Amino acid sequence: MLVDKAGVRARLLARAEPEAPAVGPRIQALYGIIRQGGAWPIRLLMRGQWSMFAMCELELINDNLATLMAVQHDPRLLSKNRFSLALSLPAHQQAELDELSATVIEGLARRDLGVLREVHLRIYDALVREGKAALSALDLPYSGTEEGDASFRELYTKYWPQQIAGPARAATRPDRNKGTRGGRGGNAAAGVNG
């Protein structure tokens with residue numbers, strides 16, 4: 001049995017809660033970051049980086065999407081521990097996170113690119129829906145557009161790999177410095193190489 005002779009229990013149990021004004025900019029930044037790097041799932045799969053893809057998809061669902069859901073109910077949930085955040089959500093939202101996660105895991109286990117594309121489209125739709133709702137709940141404008149939202153869906157539909165050619169490619173490639181992004185590789189028009 002532990003004895004709290006120094007009286008630290010109350011301080012350990014206390015949680016810092018952000019004030020409502022600080023939550024808005026953080027949610028705007030989170031939503032902007034989610035959308036800015038939208039080609040990463042295609043790029044990771046094209047490189048054969050299955051484990052990295054798994055980590056990113058599950059983080060997208062269980063951290064980013066869960067956060068957008070949570071702040072609609074209580075902006076102070078932004079400071080909640082990521083491992084228990086989903087437990088603060090209503091049952092139907094917890095079920096959505098669980099179902100999306102399970103589908104990603106099943107698709108990865110089978111290396112089924114079609115399942116992974118369809119579940120990523122569902123994740124993306126949920127991020128747009130919950131992003132709009134979160135920003136609205138905080139009385140903030142939605143920074144996206146219908147055209148921009150549709151263009152991401154088109155990117156995933158058009159460029160999602162149909163097959164992966166063998167194991168992950170080496171980190172260094174002869175064409176690494178080609179492209180349009182300051183010598184870092186990549187095709188800005190297609191948004192998928194590099």
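The values are calculated or read from the model by the stated rules, or taken from the named source; none is laboratory data. Because the structure is a prediction, the values reported are computed rather than measured. With ideal geometry, Cβ positions are generated from the backbone for all residues, glycine too; neighbour counts draw on all protein chains shown. Note: accessible area is taken over every heavy atom of the protein model, side chains too, but ligands, DNA and RNA are not part of it. Shrake-Rupley method; radii C 1.70, N 1.55, O 1.52, S 1.80 Å.
Structural remarks
- Gained length - ASP125 relative to ARG153, 0.36 nm times residue gap less alpha-carbon distance: 9.2 nm
- Entry comment: accessible area of region 1-117 is 57 Å² per residue, from protein heavy atoms only and a probe of 1.4 Å.
- Split the accessible area of region 34-108 by element, probe 1.4 Å, and carbon with sulfur accounts for 57%.
- Positive contributions from Lys and Arg (+1) and negative ones from Asp and Glu (-1), summed over other residues with Cβ under 11 Å from the Cβ of LEU45, come out at +3.
- Evaluated with a Cβ-only charge set (Lys, Arg +1; Asp, Glu -1), region 33-76 carries a dipole of roughly 200 debye about its Cα centre, given to the nearest 20.
- Trypsin sites (Lys or Arg not before Pro) restricted to region 47-84 and DSSP loop, no more than 16 other C-beta within 10 Å: ARG82
- Potential lengthening between ARG111 and MET52 on full extension [0.36 nm per residue; Cα-Cα distance subtracted]: 19.9 nm
- Cα centroid of region 112-168 to Cα centroid of region 26-101, whole Å: 12 Å
- Sites PHE83 and TRP40 - FRET efficiency at Förster radius 25 Å, r taken between beta-carbons, to 0.05: 0.60
- Reachable aspartates and glutamates, given that their alpha-carbon falls under 16 Å from the alpha-carbon of LYS132 and they are not under 8 places away in the same chain: ASP74, GLU146, GLU147, ASP149
- Segment GLU146..ALA10, full-extension length gain: 44.2 nm, with 0.36 nm per residue of separation and the alpha-carbon distance subtracted.
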